[in-house]
Amino acid sequence: MPLPEPGAGAQVPAALPSAPPAASQGPPLPVNMQPVPPAIAPAAIPPPSAPSAAPPLVTAEPDRNRLNIIRSAPEQIGETPSQFMWIRDGLMAARDPLDGMLVFFGDDGRVLGRAKLPDGFDTEDIVSLPTAIRLIDSSHRTQITIQRTIDPATTTLLQSTPNSSDSTVRARRLTRRGPQELIVNDERQNGSRPLTVRSLTGARLAQAYEISPGTNDNRYVATEEITAVKPALTVRVVVQRFDKDGKLTGIAYVPLDSFEPVSRNFIAITGGGLLRALRPTADGVKIDEYDFVAPPRVGNRRLNDSELKSLSRKVREIAVDANVQGDSSTPFNDGGPHLDLAIPSPPKITRAQVLENARAFLTVDWVMRRENFSRPGIVNRCDPARSYVWQRPHHFTEDMIGTTIGPMPYRWGGEDTPQSFRTRTGWGALAGSICTCRQAQYNYCIFADSAGVDCSGFVSRAWGIEKRGTSGLLDVATDVESLEALKPGDAFDWPQRHVRLFIGLVEGPAISFNTLESSTRSQCEGVCERAYRPSELNGFRLIRFKNIIDNGVVASTGQNGGAKPDGPAAAPAQSTEVTAATTIANNGSATTAKRRAVNPPRRAVPRVHVTQRRAQWR
């Protein structure tokens, strides 16, 4: 039975082009395809007669003896370690992005052991106490306690316990006095004196969260200041040290310039009061150690950029034993000129319709069949030089066959809509493909007989247009001029790397961004909903679809935080203001859409109106 591509014939790999099309943005869509019965493998992609150097193998399989990292490549953002913590002298830990395990390593960078976290445990907060470290799940219902005396060589499994967490108490941990001042009052730390945290640069103070080690009388607060949104979001991270009386006694600036990219909870404090930052790079993982410097005596004057950088005093750098995967053979083209191409004007679309389009990718509710999981003759492996260019998303397991799955999976080069995905999987297409590459001789690793969507395909479809790559989206978008102007339906775009759709602000005094995205990251491997701190979006451009209109005002928050229009989407708007449709999680939680569920439970979530937040920002 033929496998149709939406709007075209069925697909098998065509004759291989010698070079990508001149106007291509992102992985090109396969063309000139012929029908293939679902039970028969597509023709193998022959190796070139005189191949260039094969791209580095991306197995996406973890090395159990090292900390794993996948470097960023064109049209694919990297997967980096996160949830960094200092446990005791000579022992640190971080979450591995490939297998989700907690990896223990020493001050020499050598891996000492790894422990499995409970299934579904997604760390939001790290609370450091004198004798233990508590990891708080994003649901706030469970926690993991790691004793500082832990033996990394014998600990292979971490158990969770119930966590009693009052949302009212959590809400009191941070209050805002204005755009440049936050009050931290975290009862979980030693001492209960509120800490007044102010912007050092005069920019908007977006975040302030305590990272005290719990082993001395000092308290440490990490702050994030948004200093610019054009040409890209620019965030400055500073850790401020306070004594037990609440007096500011030290400052350490952490530059983000060489991060690839910034991960969540990447800062820790040692028992001796030094700052350590986990810094993923294209070549591995580094732990930068900083000492604090005395606060500058500048009165009420704000620090300029050079003065801020003088507050960065690096003591040493620790190279962690890391397994680096990812294609480094195709360079980024960040410095080239951007061409304004003459393209047909896309159709207009309301913000409400954009959000409705995007939300539909979370509730495709498709049934995994045997032929969607595997196919005789098709090897589940990403090794382009050996003609293997299909790899199943790792979270798909054989016991999921016959179950209903909500979100659409990731497919490199994919642009399926929910409707076309259901049709194509019904005809027998393999579900998703996380094998990626950029070499023409390997047909760009686009496996035609699979279905799903990649990051730029998802945002393109949400905007109601044909697929454009992360750079090509700039041709149909304009820059958002300010943070106050950002509205649901706009996007965070890092050209040649990744794009996320903005759907609203996380409720609370801190500034975090709720997004929908299609990602190869292990927490997603498809379309998912996540919240990000500004530091995690450092370097992304804020863009707006040129033909988006504000009628069909988003007036309420639907199930699972989805926005729904107040009346027909095309109805005249009573206001040009838009409610930020949010999935709320305290302190900027990252929330992930459930991947395997039959009619997953829905919950009502709070929402915050952008105009309310603007009053706080001014």
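Among the residues that make up region 338-349, is at least one of them crowded, with 18+ Cβ neighbours inside 10 Å and modelled with pLDDT of 95 or more?
The answer is yes, given that some residue of region 338-349 is crowded, with 18+ Cβ neighbours inside 10 Å and modelled with pLDDT of 95 or more.
What is the one condition in (1) closer than 25 Å to Leu516 by Cα; (2) open to solvent by less than 10 Å² (accessible area, probe 1.4 Å) that Tyr444 does not satisfy?
Going through (1) closer than 25 Å to Leu516 by Cα; (2) open to solvent by less than 10 Å² (accessible area, probe 1.4 Å) one by one, Tyr444 breaks only (1).
Of all residues in region 507-530 being surrounded by 24 or more Cβ atoms within 10 Å (Cβ to Cβ) and assigned to a loop (DSSP other than H, G, I, E, B), which is modelled with the highest pLDDT?
Filtering first and then ranking leaves Ser512.
Just name the residue that is modelled with the lowest pLDDT out of those in region 313-336 that are open to solvent by 40 Å² or more (accessible area, probe 1.4 Å) and in contact with a Pro (Cβ under 7 Å, 6 or more places away or on another chain).
Ranking the qualifying residues of region 313-336, first place goes to Phe332.
Considering only residues that are surrounded by fewer than 24 Cβ atoms within 10 Å (Cβ to Cβ) and in contact (Cβ under 8 Å) with a residue 12 or more places away in the chain, look in region 420-431 and name the one that is nearest to Cys455 (Cα to Cα).
Of everything passing the filter in region 420-431, Ser420 is nearest to Cys455 (Cα to Cα).
Filter region 237-278 down to the residues that are farther than 29 Å from Asp321 by Cα and open to solvent by 10 Å² or more (accessible area, probe 1.4 Å) and list them by number.
Of everything in region 237-278, those that are farther than 29 Å from Asp321 by Cα and open to solvent by 10 Å² or more (accessible area, probe 1.4 Å) turn out to be Arg241, Asp243, Lys244, Asp245, Gly246, Lys247, Leu248, Thr249.
Tell me, please, whether a residue that is in a helix (DSSP H, G or I), β-branched (Val, Ile, Thr) and surrounded by 21 or more Cβ atoms within 10 Å (Cβ to Cβ) can be found in region 354-376.
Yes, the conditions are met somewhere in region 354-376.
What is the number of the single condition among (1) modelled with pLDDT of 95 or more; (2) open to solvent by less than 10 Å² (accessible area, probe 1.4 Å) that Thr234 does not meet?
So the condition that Thr234 fails would be (2).
What are the residues in region 397-419 that are assigned to a helix (DSSP H, G or I), under 19 Å from Cys455 (Cα atoms) and open to solvent by less than 30 Å² (accessible area, probe 1.4 Å), if any?
Listed by number, the list holds a single entry, Pro418.
Taking region 76-100 on its own, how many of its residues are open to solvent by less than 10 Å² (accessible area, probe 1.4 Å) and of a type in the set (D, E, K, R)?
Qualifying residue count, region 76-100: 1.
One line per residue, one yes/no per condition, for (1) in a strand (DSSP E or B); (2) over 30 Å from Ser471 (Cα atoms):
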position: Ser212; (1), (2): no, yes
position: Asp217; (1), (2): no, yes
position: Thr223; (1), (2): yes, yes
position: Thr227; (1), (2): yes, no
position: Lys230; (1), (2): no, no
position: Arg241; (1), (2): yes, yes
position: Gly246; (1), (2): no, yes
position: Thr249; (1), (2): yes, yes
position: Asp257; (1), (2): no, no
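Quickly run through region 170-191 and pick out the residues that are closer than 20 Å to Gly508 by Cβ, modelled with pLDDT under 90, open to solvent by 40 Å² or more (accessible area, probe 1.4 Å) and of a type outside the set (D, E, K, R).
Ala171, Asn185
Scan region 131-160 and report the pairs whose first residue is aliphatic (A, V, I, L, M) and at pLDDT below 95 and whose second residue is surrounded by fewer than 17 Cβ atoms within 10 Å (Cβ to Cβ) and in a loop (DSSP other than H, G, I, E, B), with Cβ atoms within less than 6 Å and a gap of 6+ or a chain change.
As it stands, the answer is none, since no pair meets every condition given.
In region 284-311, which residues are open to solvent by less than 40 Å² (accessible area, probe 1.4 Å), touching a residue at least 60 places away in the same chain (Cβ under 8 Å) and not in a strand (DSSP E or B)?
Leu303, Leu308, Leu311
For region 458-485: of the residues being more than 16 Å from Lys546 (Cβ to Cβ) and not basic (Lys, Arg), which is surrounded by the most Cβ atoms within 10 Å (Cβ to Cβ)?
Across region 458-485, the extreme among qualifying residues is Phe458.
In region 117-159, which residues are open to solvent by less than 50 Å² (accessible area, probe 1.4 Å), assigned to a loop (DSSP other than H, G, I, E, B) and closer than 27 Å to Thr270 by Cβ?
The answer is Leu117, Phe121, Asp122, Leu129, Ser138, Arg148, Ile150, Pro152, Thr155, Leu158.
The values are calculated or read from the model by the stated rules, or taken from the named source; none is laboratory data. Note that the structure is a prediction, hence the values are computed from the model and not measured. Ideal geometry is used to build each Cβ from the backbone, glycine not excepted, and the neighbour counts take in all protein chains shown. Only protein heavy atoms, including side chains, enter the accessible area calculation; ligands, DNA and RNA are left aside. Shrake-Rupley method; radii C 1.70, N 1.55, O 1.52, S 1.80 Å.
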